[in-house]
1. If I take every Cα pair under 8 Å that is 6 or more residues apart in the chain, average their sequence separation and divide by the length, what percent do I get for the relative contact order?
2. In a GNM of the chain with a 10 Å cut-off on Cα contacts, which of Gly56, Gly170, Gly81 has the highest mean-square fluctuation?
3. Pop out the ³J(HN,Hα) list for segment 35-47 in order, Karplus 6.51 cos²θ - 1.76 cosθ + 1.60 with θ = phi - 60°, rounded to Hz; leave Gly and Pro as x.
4. Post the alpha-carbon centroid distance, segment 198-221 to segment 12-87, in whole angstrom.
5. Sort 201-208, 185-192 by packing, meaning the average of other beta carbons within 10 Å per residue, with the highest value first.
6. If you average 1/r over every pair of different alpha-carbon atoms in the chain and take one over that average, what Kirkwood value in Å do you get?
7. Of the residues Gly41, Gly183, Gly133, which exhibits the maximal mean-square fluctuation in a Gaussian network model of the chain defined by a 10 Å Cα contact cut-off?
8. Out of the GluC sites (Glu not before Pro) in segment 125-176, which ones are loop residues according to DSSP with at most 14 other C-beta atoms within 10 Å?
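The numbers here are math on the coordinates, done by the rules we state, and not lab data. What you see is a predicted model; the values in this text were computed from it and never measured. Note: ideal-geometry Cβ built from the backbone for every residue, glycine included; neighbour counts use all protein chains shown.
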Amino acid sequence: MLSIVQVYPELLGTYGDGGNGLVLAERARRRGIDVELVRAGMDGELPTGDVYLLGGGEDGPQRLAVALLAAAGLSSRVDDGAMVFAVCAGLQMLGSSFSVQGDDQYVGLGLVDAVTTRAPVRAVGDLVTMVEGTMMVGFENHGGETRIGPGVEPFATVVRGRGNDGVVDGFRAGRVWATYAHGPVLALNPWLADAVLSEALGGRELAPLESVADRLYESRCRALTTRSTG
Ligand code: GLN
């Protein structure tokens, strides 16, 4: 049974990223894969899972979530082989430190060599990036600027928007993947949902799955490309 854990939706649920869990579970189910989607509330134990999903959140809830996840031992779950897919606040929390409004710097979970500081202006709008030649579409809404360490691979290169720093977006460190893109990003980019699913299943090849999401993805890419060149 593939177990997908949506982490603290009451703290990391402001930007609709809970949809990532629904998409993963549904795409697994439609292929006949035995799957469960578990909501891990902030008042309970962190359940054991194959993939932990961290969403975006506001500054205060983000600080609380990082303290709870440090206490719950997310990093030892990753050491034991679990995958993490994180978005925005989730991304910032996985790094060594991050700042929130007011410029104080807080200790992160330290799973990845990444430092987030406060940017002079908030990034709000389309976030278009390329992941190994494939377009990833989404939107961003954050006040951070993230610098990844020299050995850390970015998740994507930025075409439009800021992501980490206007050049690259997110990071991929082993089975810890992170991006600034909301959407929910796995609903907007079905190919990425399948990449996450395949990784969570230990690199298993997945049967093709046609859905309306593919057509919406293609028209969104077309619209964004036309707008950026026109
Ligand atoms: N609170 C963080 C910031 O503003 C993250 C916001 C988000 O998750 N969209 O930078």
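1. Numbers: 497 pairs, mean separation 42.3, N = 230.
It rounds to 18 percent for the chain.
2. In this elastic network of the chain, the residue with the biggest mean-square fluctuation among Gly56, Gly170, Gly81 is Gly81.
3. 9, 10, 10, 10, 8, 8, x, 5, 8, x, 5, 7, x
4. Taking the Cα centre of each part, segment 198-221 and segment 12-87 sit 20 Å apart.
5. Values: 201-208: 10.4, 185-192: 23.0.
Final packing ranking: 185-192, 201-208.
6. Numbers: mean 1/r = 0.0573 Å⁻¹.
Radius from the Kirkwood sum: 17.5 Å.
7. Checking each option, the largest mean-square fluctuation is seen for Gly133.
8. Numbers: sites: Glu132, Glu140, Glu145; in loops: Glu132.
Those satisfying the criteria are Glu132.
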